[in-house]
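Take a look at the structure below.
Every read-out reported here was derived from the displayed coordinates using simple, explicitly stated rules and does not represent laboratory data. Everything numeric in this text was worked out from a predicted model, so none of it was measured. Neighbour counts are summed over all protein chains in view; Cβ atoms, including those assigned to glycine, are modelled from backbone coordinates with ideal geometry.
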Amino acid sequence: MMRGFTMTEFEKPDFAKIFTEMKLLSAEEFEKWGEEERNGNVLKALESIQALIPKRYVNAQTSVTFNYKTPFYLSGAVGTGKTYTAYTIIRNHIMRSYAQEGKYKRPVDLHNVPRLVTRYRNIDGNAREEMIEQLGKGMVIFDDLGAESDSEFSREFILAILDLRWENLSWTGFTSNFKLGNLPYNQRIISRVAGIVGDNRTFLDGTDGRVRHE
């Protein structure tokens, strides 16, 4: 279970609790640190979280349990917590980076796929090539895969990114309203996504958490 933080914890963090409960460091490793270094790294991590994660998701909590250390595919209906879970993964990664290395060395980016397609459509030439190259490397979660307007243009853009990530063995996460086999794409794209994530697929069941149900 990935644990969330409240604003009170941001203001007055329990450093030992944060590191040991999240299993970022063992209790023995934690005790080897000097108090000043230990507290400084925790505060830097919390500052990074607030700077890099949108306000709505800073305190997101999730009870979802799955292996996010390898590429993954997270699907479910609208409002079941896919984006919340994705940002919890990023926050956890920030904490782990500061705990183990004292800095955020390998950042994880989250990109909303429909917005990416719109950005790509509004640029041309070398800028398009540079955008694909940038998205083809590093640690990235692609949010809302399959929600963009379906077109040959968008499919070719997505396929180009996936090809690079497949070739580079890049850590990749996906969230989608569609189960992998039901994505509104051709088999080439579905095959790339399946090849990247393997069997690491999780479906979030439930109702729309944004809508109040009587």
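Is there a residue being farther than 13 Å from residue 111 by Cβ, buried (at least 20 other Cβ atoms within 10 Å of the Cβ) and not polar (S, T, N, Q) anywhere in the stretch 171-181? Among the residues of the stretch 171-181, not one is farther than 13 Å from residue 111 by Cβ, buried (at least 20 other Cβ atoms within 10 Å of the Cβ) and not polar (S, T, N, Q), which makes the answer no. Checking 106, 119 one by one, the residue that is out of contact with any Ser or Thr (no Cβ under 6 Å at 6 or more places or on another chain), touching a residue at least 24 places away in the same chain (Cβ under 8 Å), of a type outside the set (Val, Ile, Thr) and surrounded by fewer than 18 Cβ atoms within 10 Å (Cβ to Cβ) is 106 and no other. Residue count for the stretch 44-78 under the criterion of being surrounded by 16 or more Cβ atoms within 10 Å (Cβ to Cβ) and small (Gly, Ala, Ser): the result is 5. The single condition among (1) more than 18 Å from residue 113 (Cα to Cα); (2) out of contact with any helix residue (DSSP H, G or I) (no Cβ under 7 Å at 6 or more places or on another chain); (3) not aliphatic (A, V, I, L, M) that residue 201 does not meet is (2).
So which residues in the stretch 122-136 are over 20 Å from the mean Cα position of the chain (by Cα) and either outside any helix (DSSP H, G or I) or touching a residue at least 40 places away in the same chain (Cβ under 8 Å) (or both), if there are any at all?
Those that are over 20 Å from the mean Cα position of the chain (by Cα) and either outside any helix (DSSP H, G or I) or touching a residue at least 40 places away in the same chain (Cβ under 8 Å) (or both): 122, 123, 124, 125.
Within the stretch 159-182, being part of a strand (DSSP E or B) and touching a Ser or Thr at 6+ places or on another chain (Cβ under 7 Å) holds for 175, 176. Checking 84, 104, 98 one by one, the residue that is part of a loop (DSSP other than H, G, I, E, B), aromatic (Phe, Trp, Tyr) and out of contact with any strand residue (DSSP E or B) (no Cβ under 7 Å at 6 or more places or on another chain) is 104 and no other.
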